[in-house]
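See below for the structure under consideration.
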Amino acid sequence: MNIPVLLYHKIVNDNEKADDNFSISVSTFKNQIEYLKNKNYVTISLNELLNFLFSKIKLPKKCIIITFDDSYKNILTIAKPILDNVGFKATVFVVSKSIGLYNFWDNPDEQRKVPCLDKNELLSLIKSGWDIGSHSLTHAHLLKITEDKIIKEIYGSKFDLEQTLKTDIVSFAYPFGEYNNKIREFVIKAGYKLGFSIISPALTVTGDPILIRRILIKKSDSFEDFKRKISFWYLLYRGVMKK
Ligand SMILES: [Zn+2]
């Protein structure tokens, strides 16, 4: 079985000028979500995925997982109402040092600062059935830092988020999708059960729970691209091509 796992970052108002490829306009996002709803997809939580992977508890036939990296405020203000409208839930991967702050890892100038969700907003997402995972401590390039720092990024963010949100953090999204064998091992040792990247050697979502491939949704994607990206054949193709 394969399950499309979508990766979004920012959802922005249609008139907002964004120069990056990760800011999806609200009308595009709405079209994509309505398409999924019309195609009878249902979103599943990471717990449901875990129960399926480790306890073989059945999932709905047409399920999908929606994830957001970097925990921007616009997830709550813009994306969530659209998802609520069709009864969809999602997962947010949080850079633990950015709670209530902004995307400091981009070194943005004043205009490019994007506010991140604060503690109470994250708690409200949990309360409404959304999942929260770790996206490291500082959004570091894990391939470019020392082993000590890698451990801090992986373990420290789990600890911080669990302390702050009083919930178990069992999933990790690799910053920039970067990993290697050592990083993967640390993620397992830290107690995470699920790891999310963009590229993975695993053929399907069941192949390697610590290296789940996600479909990166970009601003440059046309509606046809979106439909193609969630199709069975595209997932199979990416699994075989390992990209
Ligand atoms: Zn990120």
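Side notes on the structure shown:
- Test item: Cα-centred dipole of the chain, Lys/Arg +1 and Asp/Glu -1 on Cβ, debye: 860
- Convex hull projection area averaged over all views, segment 5-241, Cα basis, nm²: 12.4
- Per-q log10 I(q)/I(0), segment 71-182, q = 0.14, 0.16, 0.21 Å⁻¹ (Debye; single scatterer per alpha-carbon; no solvent): -0.57, -0.74, -1.16
- Under-5 Å amide H pairs with residue 132, H placed in peptide plane, nonlocal only: 92
- Translational diffusion of segment 1-56 was estimated from the Stokes-Einstein equation, with Rh taken as the Kirkwood radius over Cα pairs; at 25 °C and 0.890 mPa s the coefficient is 182 µm²/s.
- Taking the 1.4 Å solvent-accessible surface of the chain as the whole, the part contributed by carbon and sulfur is 53%.
- Estimated vicinal HN-Hα couplings, Hz - segment 221-236 in sequence order (Karplus 6.51, -1.76, 1.60; Gly, Pro = x): 5, 7, 4, 5, 4, 4, 4, 5, 5, 9, 6, 3, 5, 5, 4, 5
- Relative contact order (%) - the chain, alpha-carbon pairs under 8 angstrom, separation at least six: 20
- Principal axis dimensions, largest first and in whole angstrom, of segment 91-147 by Cα: 36, 32, 14
- Sum of -39500 (n - 2.57) over DSSP H runs of 4+, divided by residues of the chain (222 nm, nearest 500): -9000 deg cm²/dmol
- Per residue, the solvent-accessible area of the chain (1.4 Å probe, heavy atoms of protein chains only, all protein chains present) comes to 48 Å².
- Between segment 139-188 and segment 43-62, the C-alpha centres lie 24 angstrom from each other.
- The alpha carbons of segment 111-172 give a radius of gyration and a Dmax of 13.1, 38 Å, in that order.
- The value for segment 145-242 of Rg(Cα) / (2.2 N^0.38 Å) is 1.22.
The values are calculated or read from the model by the stated rules, or taken from the named source; none is laboratory data. This is a predicted model, so every value here is computed, not measured. Every residue, glycine as well, gets a Cβ built from its backbone with ideal geometry; the counts of neighbours run over all protein chains shown. Please note that ligands, DNA and RNA were not included when accessible areas were found on the heavy atoms of the full protein model with its side chains. Shrake-Rupley method; radii C 1.70, N 1.55, O 1.52, S 1.80 Å.
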